[in-house]
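To keep things clear, I will list the structure first and then write my remarks on it.
The values are calculated or read from the model by the stated rules, or taken from the named source; none is laboratory data. All values reported here derive from a predicted model rather than from experimental measurement. Cβ coordinates were reconstructed from backbone atoms using ideal geometry, including for glycine residues, and neighbour counts include every protein chain displayed.
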Amino acid sequence: MNIILLGAPGAGKGTQAAVICEKLNIPTISTGNIIREALKNGTEMGLKAKSYMDAGKLVPDEVVIGIVKERLAQDDCANGFILDGFPRTIPQAEALDAMGVVIDKVIDIEVADEVIVNRLSGRRVCEKCGRPYHLESLKPKAEGICDDCGGTLVQRKDDSIETVKARLDIYHNETEPLKDYYAKQNKLVVVEGQDTVEDTSKLVLAEVEA
Ligand SMILES: [Zn+2]
């Protein structure tokens, strides 16, 4: 089964991808990982990406699409795959269609913006050992101090309210239109994100098996 996972940053796509991956034994393909892989293996598209990165430029769409194409042609994708973080825009979705890649299901994990802002902006991480915490749902025993190593808990820059809101804006403007795009192809399935990861996984797996 060829699956695309959609959802805002912080909706928990990565976790759900891992759950589907284990259930169906198909690989998860996330653009960050495959770009790193293509660079390491020195593929044709990997070398192209490198030339942009070396020049301090963003890797353009056609190169990202080329890297996805190379990756989907590998043997382990023969029985299916999960795309996580791609396509991110309508032009990328159109490019995927143009490649002749047939998508069976697009699973959209819906989580309200307020919940995501609270989830991400409440995250803290131990400066010393990296253990994750949350101001409301995963508190340390002593405020601001790591239970394990006594290190100071800090907020990652990516998790500041301003950054999270900016990422959500980009998602709503550039990625969310994909819901309509795939609804028109009768491939969109919407899963409401639940309070716990486990409950969301149950709904996701029910859709995968439907
Ligand atoms: Zn620590």
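Couple of notes before you dig in:
One line per residue, one yes/no per condition, for (1) in contact with a strand residue (DSSP E or B) (Cβ under 6 Å, 6 or more places away or on another chain); (2) more than 16 Å from the ligand (Cβ to nearest atom); (3) not small (Gly, Ala, Ser):
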| position | (1), (2), (3) |
| --- | --- |
| 114 | no, yes, yes |
| 117 | no, yes, yes |
| 122 | yes, yes, no |
| 141 | no, no, yes |
| 150 | no, no, no |
| 163 | no, yes, yes |
| 167 | no, yes, yes |
| 184 | no, yes, yes |
| 188 | yes, yes, yes |
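- Of all residues in the stretch 80-100, those satisfying the criterion of being in contact (Cβ under 8 Å) with a residue 60 or more places away in the chain and either more than 21 Å from residue 37 (Cα to Cα) or in a strand (DSSP E or B) (or both) are 81, 82, 83, 84, 89, 90, 93.
- Of the residues making up the stretch 98-109, those that are modelled with pLDDT of 95 or more and surrounded by 14 or more Cβ atoms within 10 Å (Cβ to Cβ) are 103, 105, 106, 107, 108, 109.
- From the list 135, 153, 120, the one residue that fits, being of a type in the set (A, V, I, L, M, F, W, C), modelled with pLDDT of 95 or more and more than 24 Å from residue 93 (Cα to Cα), is 153.
- Within the stretch 35-49, the set of residues being buried (at least 20 other Cβ atoms within 10 Å of the Cβ) and modelled with pLDDT of 90 or more comprises 38, 45, 46, 49.
- So residue 136, is it away from the ligand (no atom under 16 Å from the Cβ) and acidic (Asp, Glu): yes
- Test: residue 68 is free of Cβ contacts under 8 Å to residues at least 40 places away in the same chain, part of a loop (DSSP other than H, G, I, E, B) and of a type in the set (A, V, I, L, M): no
- Count - residues of the stretch 173-195 that are in a helix (DSSP H, G or I) and touching a residue at least 12 places away in the same chain (Cβ under 8 Å): 7
- Beta carbons closer than 9 Å, at least 6 apart along the sequence or on distinct chains, pair a first residue in the stretch 135-162 that is aliphatic (A, V, I, L, M) with a second that is part of a loop (DSSP other than H, G, I, E, B) and more than 12 Å from the ligand (Cβ to nearest atom) for 135/122; 138/122; 153/143.
- Remark: residue 198 falls outside the filter, which requires a residue to be in a loop (DSSP other than H, G, I, E, B) and acidic (Asp, Glu).
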